[in-house]
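**Q** Starting off with a structure, shown below.
Values quoted throughout were computed directly from the atomic coordinates according to the rules given, and no laboratory measurement underlies them. Keep in mind that this is a model prediction, so the values were computed, not measured. Cβ atoms come from the backbone with ideal geometry, glycine included; neighbour counts cover every protein chain shown.
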Amino acid sequence: MKKVLFFLLSVSLILSACKDRKTMDENIQLKNQIKELKLKLMQYEKLAQNMQFLIEEMEGVKARIVTNYGNIELKLFPQKAPLTCFNFITHAESGYYDGLLFHRVIKGFMIQGGDPNTRGGNVQSYGLGGPLVHIPHEFNDLKHDRGVVSMARPGNLAAGAGTQFFIVQQPAHHLDGQYTVFGKVTSGLDVVDKIADVATGANDLPKTPVKIIKLEVFK
């Protein structure tokens, strides 16, 4: 009988120790998870601060697209699309857009440019080019009204956006919420109309080149 009681006591102690050990392990795991969450929260707060800094830096930045049909001036919306505006501004400052074409023109709809492939003579590649690193979409509540500037994108949403953009000639609200609006024409809508009116061939490519001579950004 004593042996049985001793055995049961031993088993009870072992189970109790195992339970205590399990509780300790769970507590350690929980503490580690809390530590990781706090670290992530700090990172998110820092990202939010950095983004706000970026937005404030971009406030008041304007753009001027100098074309062989005239100039188009834009205001940007960094509060609505900060990454897109930063992407556009930095590429413009680097001269990325200079010499490119408006390679897709659809009268009554929009004019599209910003593809680096248009520097070359392979027209089959027009519309397929972009930067090495893409940015995420920033779909917002801005409408595709006349004169709005929005980002082009491939059919695969996960691919993000690059450097190609389009200017809406006439309202195109079927695009709302599916493309990133990041600016609007403030001067030069008549130039947009002139470009939209050019004769086009296959793939809506103007028969006479419409060139972005220079894309300037300034305050």
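**Q** Would you be so kind as to identify which of ASN27, VAL61, LEU83 lies farthest towards the positive end of the dipole of the chain, taking Lys and Arg as +1 and Asp and Glu as -1 on Cβ and the Cα centre as origin?
**A** My answer, from the dipole projection, is ASN27.
**Q** Ranked highest first by average number of other Cβ atoms within 10 Å, how do 65-75, 134-144, 110-120 line up?
**A** Numbers: 65-75: 18.8, 134-144: 16.3, 110-120: 21.1.
Descending mean neighbour count gives 110-120, 65-75, 134-144.
**Q** 222 nm [θ] for the chain, helices only, -39500 (n - 2.57) per DSSP H run of 4+, per residue, to 500?
**A** After summing the helix terms and dividing by residue count, I get -12500 deg cm²/dmol.
**Q** Return, ordered by residue number, the residues of the stretch 132-161 whose backbone nitrogen is under 15 Å from a label point located 7 Å along Cα→Cβ of LEU47.
**A** 135-138
**Q** Would you mind getting the Kirkwood hydrodynamic radius of the stretch 150-216 from its Cα pairs, rounded to one decimal in Å?
**A** Values: mean 1/r = 0.0718 Å⁻¹.
Result for the stretch 150-216 stands at 13.9 Å.
**Q** Could you give the length gained on full extension between GLN33 and ASN156, defined as 0.36 nm per residue of separation minus the Cα-Cα distance, in nm?
**A** Between GLN33 and ASN156, full extension yields an extra 40.8 nm.
**Q** Which aspartates and glutamates, if any, have their Cα less than 15 Å from the Cα of LYS207, not counting same-chain residues under 8 positions apart?
**A** ASP197
**Q** If the reach is capped at under 15 angstrom between alpha carbons, list the aspartates and glutamates near LYS214, excluding any in the same chain fewer than eight residues apart.
**A** Candidates past the 8-residue exclusion: GLU73, GLU93, ASP98, ASP115.
**Q** May I ask for the equivalent-ellipsoid semi-axes of the stretch 30-99, computed as the square root of five times each C-alpha gyration tensor eigenvalue and listed largest first in whole Å?
**A** 38, 12, 8
**Q** Something else about it: Over the stretch 106-219, what portion of Cα pair distances is larger than 22 Å, expressed as a whole percent? Could you put the intermediate results ahead of the total?
**A** Values: 2191 of 6441 pairs.
Cα-Cα pairs in the stretch 106-219 separated by more than 22 Å: 34 percent.
**Q** Mind listing the Cα extents of the stretch 130-179 along all three principal axes, in Å, largest one first?
**A** Dimensions of the stretch 130-179 along the principal axes of its Cα atoms: 31, 16, 15 Å.
**Q** Based on the Kirkwood radius over alpha-carbon pairs, what value in µm²/s does the Stokes-Einstein equation return for the translational diffusion coefficient of the chain at 10 °C and 1.306 mPa s?
**A** 78 µm²/s
**Q** How far is the Cα center of the stretch 35-67 from the Cα center of the stretch 199-219, in Å?
**A** Taking the Cα centre of each part, the stretch 35-67 and the stretch 199-219 sit 31 Å apart.
**Q** Could I ask something else about it? Write down the radius of gyration of the stretch 179-219 and its Dmax, each obtained from C-alpha positions, in Å.
**A** 12.9, 39
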